[in-house]
1. Enumerate the strands (runs of 3 or more DSSP E) found wholly within region 115-169, keeping only those where 1 or more residues are modelled with pLDDT of 85 or more, more than 21 Å from SER61 (Cα to Cα) and charged (D, E, K, R).
2. Tell me whether region 80-94 contains one or more residues that are among the charged types (D, E, K, R) and more than 21 Å from GLN132 (Cα to Cα).
3. Select from region 52-90 the residues that are touching a residue at least 40 places away in the same chain (Cβ under 8 Å), of a type in the set (A, V, I, L, M) and surrounded by fewer than 18 Cβ atoms within 10 Å (Cβ to Cβ) and list them in ascending order.
4. When you look at ILE110, is it at pLDDT 90 or above, over 20 Å from SER61 (Cβ atoms) and surrounded by 17 or more Cβ atoms within 10 Å (Cβ to Cβ), yes or no?
5. In this structure, does LEU96 turn out to be among the aliphatic types (A, V, I, L, M), touching a Ser or Thr at 6+ places or on another chain (Cβ under 7 Å) and either within 21 Å of THR144 (Cβ to Cβ) or modelled with pLDDT of 90 or more (or both)?
Amino acid sequence: MSRGFRKNYNSIASLKTRVTALEVSVDVEAVTGSIHQSASMTSEGKYHGNLLYAGDSSHASVVGSNLVYLNSSKEWKQASAGNGGEGSGSITGIALSATPHTYGALVNGIYRMSSSLVYSAGADGSLAIGAQVYMDPLHSGSLTTILPSGSGEIVRVVGHSIDSDMVYINPSPDYVEI
């Protein structure tokens, strides 16, 4: 074995040892961005997940907890499966305030909803646990577990319910117009 080869081999072995030591010492708190704990979210408006800070403005009708989308003018607006499917193929998330361009929109994660923004097959204000959640065609900015079925309505899965008032938001980029 040549001297140069041996030196490179020893350098690589030393580097592997240091990388392994770094991997073992990673602080668990520093990597919780992809861990979502629903039990810790005891009140409306609580969330865990990935936020998007984008856009220049927000439409006056947007309030916190609304399902929103970012339009081509860089304005956040209420999403709806009706009205031509506002937000059907756009970046979609849950507004954390009336100004998601400033305070962000939850684009992936879990969110404890206001019952006033939830419509389901069972009763308004309560999600069927485990059900797919869609953009609501009748109430802009709201969610539903009822599959949109009217002419011109958009079917887009935006997540799944994990409790009667909690949704795992993970909008599909795919949608279908009825």
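1. It comes to 157-163.
2. Scanning region 80-94 turns up no residue that is among the charged types (D, E, K, R) and more than 21 Å from GLN132 (Cα to Cα).
3. If we filter region 52-90 for residues that are touching a residue at least 40 places away in the same chain (Cβ under 8 Å), which is where we start, we get 52-58, 61-63, 65-68, 78-89.
When the remaining residues are screened for being of a type in the set (A, V, I, L, M), the result is 52, 54, 62-63, 67-68, 79, 81.
Hits for region 52-90 are LEU52, ALA54, VAL63.
4. yes
5. Details: among the aliphatic types (A, V, I, L, M): yes; touching a Ser or Thr at 6+ places or on another chain (Cβ under 7 Å): no; either within 21 Å of THR144 (Cβ to Cβ) or modelled with pLDDT of 90 or more (or both): yes.
Here the answer is no, as LEU96 does not meet what is asked.
The values are calculated or read from the model by the stated rules, or taken from the named source; none is laboratory data. Everything numeric here is computed off the predicted structure, so don't read it as measured data. Note: ideal-geometry Cβ built from the backbone for every residue, glycine included; neighbour counts use all protein chains shown.
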